[in-house]
Amino acid sequence: MSESLPAHVLDSLFTMCFDVDEQLRVSNPSGPLASRYSQTREHRTLSTLFDVHRPGPITEFDDIRNDERALVLLVAKDKSIALRGQFVMLSDGLRARFVGTPWLPWMSANRPDVRFNLTDFPKFDAQLDQAFHLATQSSMVEDLEQLNAELTRVREAELDANRMRAEFFAMMSHEMRTPLNAVINALSLLKDPRRTPDRERLTNVAQDAADHLLEVINYVLDYSKIDAGAMILTPEQFSIESTLKGVIGIVQSRAEEKGVLMTYDVDSSVPSHLLGDEQKLRQILMNLVGNAIKFTDDGRVNINVVAKSSEGDHLDIQIRVMDTGCGIAASQLEEIFEPYWTRQSIGGELGTGLGLNISRRLAELMHGQISVESIRNQGSCFTVVVPMECATDTSSETSNEAGARSITFDGRVLIVDDNATNLLLQQLVLEGMGLDVTTVDNGPASIELATAGSFDLVLMDISMPGMDGIEAMQHIKQLPSPPPVVALTAHVGENLARDFCAKGFDGFLQKPVVEADMLRELERWLGSTESGVGVGIIASSAIDKMIRQIGRAGFEKVRQLFVEEAERRIATILDAWVRRDLETVARESHALAGSSSSFGGERLYACLKQIEIASKERDLPVVIDAMQDLRSIAAQTFASLLQHDHRSAG
Amino acid sequence: MYGLIHGALRDMVEQQCPPGTWAEISSLAGIDQSQMLTMRAYDDAITFKLVGAASQVLDMEIEESLNTFGRFWIADFAPRGYDQLMNLTGSTMVQFLKNLNELHDRISTTFCDFRPPRFDIEVVGDGEIEVHYRSDRAGLTPFVAGLLEGLRDRFEEPCSIELKETMATSDGEHSVFQLLSEGGFDV
């Protein structure tokens, strides 16, 4: 430190400064020091102004000269201030300058009433950092304690879950082994030529046991899915009446065998089309109606549907399944919803004990509930209440309605699966729907075929030896005009759709593949043979229908209006999203979804509905994901619409 | 943002809401304790997930949630652990605001990934000041409004606080608050 440095420069670096001469007289205090400890202006000696806490007693100037690098801690005699710093010898060797800052820990402990300012501490003074760090340290200790507590809790929960899983598997192994034994034994007996008279009976035994086994397996899969949190809601437009008819159609023969009269009525308060998870609702109804028939002999089962309350487009749908069967004891009305609860039916059948539990969990997943009322020997009434939305646009086709009116498609499909049985079954199903199907049992061969031929859709199994389905898909996607590739997987887990789409798949089907899911994917990706570029983006059937209704000129006019409107609304949606105006996002998405669907823009519709629902529920992560796809899907949709006209004209 | 922020949000919910509310919020946001460590910096998306989930569970607009959080930060959370620093930053509202950038300088030496906003104070006239808030994060102006209201209460400075405008900038957001005091500000 040079004597030539002006005092104000030193003061800007060290707020608390003063000079000491050979007689240890104090002079030239810095402004901040003098304002707080005016006695430093009075040319008094160091020992009369300060107690020296470090390094030690300073009785002569040599104590300073010989220990220049020492940390110096000083406390004013009147305790008005404490200082921390060091002495620096000035160039004449006859004076030293103390340079320092307030001694914060001492002041905090002894004079907390004295107020300092940030500017009293130079930027490089680490005392404030220390104070901040100490304060933060206690939070860090709390973090560790909480982490530890959570780890303990999770570990205990895991141990409990493992125990329950073991019990579940033990129970289900037994449930599966029993009918499987029956199948094996029956088939074994059928091979014996001496059993020819019993052939029909043995075949029936094997069939019934196989049906029961499949039922158990389905329940196990559903139960595991729900337990793993892998069940997600997939809302779609559907007709409740169609659903009821479908359910009754399946159970009708069993009802007739038992002399049970099946009826249903749908109140006028229920809209013709609803938006909700039709598949799960159907599953619940299958279980409740199946139970009603099981526990009723020569009686009646009625299904009644009514809309209980409504707020705009939202309503609570109440479905009551009433039977005149044997009823349930009051003490068992809650027990019946517990897993593994079983009771022998009138006909002597025993169930898995999981159906009602799964039904309740499915209802809860849909934000609804199931309750029961019953009187012994008179009958029971199961009531399901689930929230749904009134479908505002019924022009788009749903898989349910597609299944009801037609299951034929146009196109070439490549199925890739290393399991020969699955391959054959899927081939037969899809050929039955009018598709031209090619099969292959490994990834490399699928790439060769996709490169050589032009397929409209590829169904790709994931788990295959050697090259798995993900790698094969990635190769196929590098082709100049790759077909859509849908994953076929038996995996369970949350956010499967998002995970597979993130890997590059255009959709996924979970094994065992349900017909409705397959129809939905086929509807998404396959249309008429006139579709070409943009297959999967636009359902050509919707365009054809529009042209038939309003003519080519009319179609071109409304198409232009739609594209202009859509671009405007998308800009509004994105702008509103930046501002986190979710109300506008939801409103505009809802408005655009309807017209997108009219033009067969299935993917755009699905994306907009996802944004609308997630915005209303303030599910920001889902909105973020969907927003990332919105522009590209919209651009592809518009391009497809315009190219449709060009191709037709050519 | 640092887990410190997430911890403060949790504290606010646990103090002001029924038991179990925080568990619902963190479950909805998909956040667990490993994303709540005080000294760990996390992706901003995690913080926004938490705020979004809190708004949904508490049935509040996001802006209202952020405003409430801002007031809680000044009134409760910051003084609890960092009272000394708060006192050093200023003994009046205007002094505090003027020293905010300096306070953030100090914090940056401990929280190395800290990207603080900038506050500039403009004395427009007698009893009127403008607070310019600039940040490379968009969407936090309501939180800043809450901070200002909290500071007003802390220093018992009777004044009105109004957001004059918010402008999107190339790298974030610039908001201007107008503070009016009939009796003039204690500087």
Extension length gain for A:D113 and A:S138 (0.36 nm per residue less Cα distance), in nm, is 6.6 nm
Taking a ≥ b ≥ c as the square roots of the eigenvalues of the Cα gyration tensor, with a/c under 1.5 meaning rounded and otherwise prolate when a/b exceeds b/c and oblate if not, the stretch A:110-220 is prolate
Heavy-atom accessible surface buried between B and A, both sides counted, 1.4 angstrom probe, nearest 100 Å², is 3000
Of B:G81, B:G172, B:G70, the most mobile residue in a GNM of chain B (C-alpha springs, cutoff 10 Å) is B:G81
In deg cm²/dmol, rounded to the nearest 500, the helical mean residue ellipticity at 222 nm of chain A, built from -39500 (n - 2.57) for every DSSP H run of length 4 or more, is -16500 deg cm²/dmol
Measure of exposure for A:V623: accessible area at 1.4 Å probe, Å² rounded to 10, is 0
Result for the stretch B:1-137: accessible area per residue, probe 1.4 angstrom, in square angstrom, of 42
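Rounded to the nearest 0.05, what FRET efficiency do A:R69 and A:K503 give with R0 = 56 Å and r taken as the Cβ-Cβ distance? Could you check? The partial results should precede the final answer.
Numbers: r = 63 Å, r/R0 = 1.13.
For A:R69 and A:K503, the calculated efficiency is 0.35.
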Where a ≥ b ≥ c are root eigenvalues of the Cα gyration tensor, a/c under 1.5 meaning rounded, otherwise prolate if a/b exceeds b/c and oblate otherwise, the stretch B:73-132 counts as oblate
Contour minus Cα-Cα span, A:L428 to A:A157, at 0.36 nm per residue, comes to 93.1 nm
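For the stretch A:1-138, what class follows from the C-alpha gyration tensor (a ≥ b ≥ c being the square roots of its eigenvalues): rounded when a/c is under 1.5, otherwise prolate if a/b is larger than b/c, else oblate?
It comes out prolate by the Cα gyration axes.
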Kirkwood-based Rg/Rh on the Cα set of chain A evaluates to 1.23
Answer check: the stretch A:250-328, Cα atoms, Kirkwood Rh, Rg/Rh ratio of 1.03
From the Cα centre of the stretch B:82-128 to that of the stretch A:245-275, the distance in Å is 69
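Using the Kirkwood radius over C-alpha pairs as Rh, can you work out the diffusion coefficient of the stretch A:564-650 via Stokes-Einstein at 20 °C, viscosity 1.002 mPa s, in µm² per second?
165
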Here, trypsin sites (Lys or Arg not before Pro) of the stretch A:115-177 satisfying both criteria (DSSP loop; at most 14 other Cβ within 10 Å) are A:R115, A:K123
Any DSSP H helix in chain A with Cα axial reach of 20 Å or more and mean Kyte-Doolittle score of at least -0.5? Listed by number, the hits are A:127-190, A:199-227, A:240-257, A:278-294, A:540-578, A:582-598, A:602-616, A:620-649
On the accessible surface of the stretch A:64-175, probed at 1.4 Å with all protein chains in place, carbon and sulfur together account for a percent value of 56
Here the net charge surrounding A:K258, from other residues whose Cβ is less than 9 Å away from its Cβ (Lys, Arg +1; Asp, Glu -1), is -2
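Based only on Cα atoms, what Rg/Rh ratio does the stretch B:9-59 have, Rh being taken as Kirkwood's radius?
Result: Rg/Rh = 0.94.
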The alpha-carbon center of the stretch A:60-87 and that of the stretch A:151-188 are separated, in whole Å, by 78
Here the Cα Rg-to-2.2 N^0.38 Å ratio for the stretch A:85-155 is 1.83
Check: C-alpha center the stretch A:415-449 vs C-alpha center the stretch A:9-40, spacing in Å is 90
If one compares the long axis through the Cα atoms of helix B:141-154 with the longest principal axis of the Cα atoms of chain B, the angle in degrees, nearest 10, works out at 60
Label model pair B:V123, A:D92: point-to-point distance (7 angstrom along the Cα→beta-carbon line) in nm is 4.1
At 10 °C and 1.306 mPa s, the Stokes-Einstein diffusion coefficient in µm²/s for the stretch A:190-264, with hydrodynamic radius from the Kirkwood sum on alpha carbon pairs, is 97
Taking the stretch B:20-169, the whole-percent share of alpha-carbon pairs separated by over 25 angstrom is 33
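The values are calculated or read from the model by the stated rules, or taken from the named source; none is laboratory data. Note that the structure is predicted; figures quoted are calculated from it, not measured. A quick note on method: Cβ atoms are made from the backbone with ideal geometry, for glycine too, and the neighbour counts reach across all protein chains shown. Accessible surface is based on the protein model in full, side chains and every heavy atom, while ligands, DNA and RNA are left aside. Shrake-Rupley method; radii C 1.70, N 1.55, O 1.52, S 1.80 Å.
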